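Structure first, then comments.
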Amino acid sequence: MAAAAPTELTVEEKMRELYRLQLIDSQIDEIEILKGELPMEVSDLEDEIAGLETRINRTEGIVDELRTEISRHEANMNESDMLISRYEEQMNNVKNNREYEALMKETEMQRLEIQLSQKKAKTAGEELEGRVATLDATKERRDAKLKLLEVKQEELKSIIAKTEKEEKKLRRQSDKQRKLIEDRLLRAYDKTRSNYRNGLAVVTVERNACGGCFNAIPPQQQLEISQRKRLMACEHCSRVLVDDTILEEEAVES
């Protein structure tokens, strides 16, 4: 014997089931809003910290190179000082003017080498001072961001811990509720929800206006909505309109 076909829902029942789904999904949306910006903030902070770490590593490399360069110039100056001392000592034992002049020339060249190394060391030292200041400031900024990240991560963990159970429960309810609604209405519902940041696809008429876009609803249309004989959509925002007594009934049932 063939199974009986499922009973077709009346328009009023379709409106109620669709509105029940909206109420459930709106609660999920509230949870998403509650934690919604925190994951983005955490991700942005992590990216910023990674960028700062890269800058710190690069600057530390430059600082090391500058210190090595300064050490090399200082070594060059020490070596030139030693050579000058050696040449001056040799000049005391020269046998002719040609040897003396040669040693004087070498001594002068070493003094020029010292001046050049001093100039390069000074330039590198000034750059080093600026790089170290930049490095310290970058590390200070990174440390501040790390502390902020820790706070944001704790906030997110706390919200997830508080809402995870409720969110899972609501998502199960939403999945169950969606099975009661025909595919055509679900597609229209999902499309409308995706069009609006507040996720409202089914709204009540409030103070003679659409509860979604707040445009006025003509009295005749309000009467038809209250009669629940056909699904009515706002001509301005395309949201499904239900009368506010459905809201009262849902409150009593919940």
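Overall, the range 128-236 carries a charge dipole of about 500 debye about its Cα centre when +1 sits on the Cβ of Lys and Arg and -1 on the Cβ of Asp and Glu, all other atoms neutral. Placing unit charges on the Cβ atoms of the charged side chains and taking the dipole of the range 75-150 about its Cα centre, the candidate lying farthest along the positive direction among Thr134, Gln110, Ala121 is Thr134. Straight-distance candidates among the lysines for linking to Lys162, with alpha-carbon spacing under 17 Å and chain neighbours fewer than 8 residues away dropped: Lys35, Lys152. Solvent-accessible surface of protein heavy atoms, probed at 1.4 angstrom with all chains present, puts Tyr196, Tyr100, Tyr19, Tyr87 in the order Tyr100, Tyr196, Tyr87, Tyr19, largest first. Applying 1/(1 + (r/R0)^6) with r as the Cβ-Cβ distance of Gln118 and Arg86 and R0 = 30 angstrom yields a FRET efficiency of 0.90.
Kindly identify the range 159-212 as rounded, prolate or oblate by the Cα gyration tensor criterion: order the square roots of the eigenvalues as a ≥ b ≥ c, call it rounded if a/c is under 1.5, otherwise compare a/b with b/c, prolate if a/b is larger, else oblate. Here the range 159-212 falls in the oblate category.
Remark on the chain: ratio of C-alpha radius of gyration to 2.2 N^0.38 Å is 2.20. Since only Thr54, Asn96, Met40 are under comparison, the one whose Cα sits farthest along the positive direction of the charge dipole of the range 1-150, derived from C-beta charges on Lys, Arg, Asp and Glu, is Asn96.
Could you bin all the Cα-Cα distances of the range 1-141 into 10 Å bins starting at 0 and give me the percent of pairs in each, rounded to whole numbers? With 10 Å bins starting at 0, P(r) equals 10, 17, 13, 11, 10, 8, 7, 6, 5, 4, 4, 2, 1, 0. Looking at the chain, what % of its DSSP beta bridges pair antiparallel, to the nearest 5? Looking only at bridges with both residues in the chain, the antiparallel portion is about 60 percent.
Run the dipole for the range 17-67 about the Cα centre, Lys and Arg Cβ at +1, Asp and Glu Cβ at -1, nothing else charged, and hand back the magnitude in debye, nearest 20. Computed charge dipole of the range 17-67: roughly 140 debye. One compactness figure for the range 136-192 is 2.02, namely its Cα radius of gyration divided by 2.2 N^0.38 Å. Taking every C-alpha pair closer than 8 Å and separated by at least 6 residues, the mean separation divided by the residue count of the chain gives a relative contact order of 27 percent. Length gained on full extension, Thr134 to Met104: 6.3 nm, using 0.36 nm per residue less the C-alpha separation.
Distances between placed amide hydrogens fall under 5 Å for Ile217 paired with Ala209, Cys210, all partners being 5 or more residues away or on another chain.
With all protein chains kept in place, the per residue accessible area of the chain amounts to 68 square angstrom at a probe of 1.4 angstrom. Magnitude of the charge dipole for the chain, about its Cα centre and with charges confined to Cβ atoms of Lys, Arg (+1) and Asp, Glu (-1), is about 800 debye.
All alpha carbon pair distances within the range 127-250 were sorted into 5 Å bins beginning at 0; the resulting P(r) in whole percents reads 2, 9, 12, 13, 12, 9, 8, 7, 6, 5, 5, 4, 4, 2, 1, 1, 0. Per-atom-type breakdown for the range 162-207 gives carbon and sulfur 46% of the accessible area (1.4 Å probe, protein chains only). In the assembled protein chains, His236 presents an accessible area of approximately 100 Å² (probe radius 1.4 Å). Extending 7 Å from the Cα toward the beta-carbon at both Ala161 and Glu53 defines two label points whose distance is 2.5 nm.
The values are calculated or read from the model by the stated rules, or taken from the named source; none is laboratory data. Remember, it's a predicted structure, so these values are computed and weren't measured experimentally. Methodologically, a virtual Cβ is constructed for each residue, glycine included, from the backbone with ideal geometry; neighbour enumeration extends over all protein chains shown. Side chains included, ligands, DNA and RNA excluded: accessible areas come from the protein's heavy atoms. Shrake-Rupley method; radii C 1.70, N 1.55, O 1.52, S 1.80 Å.
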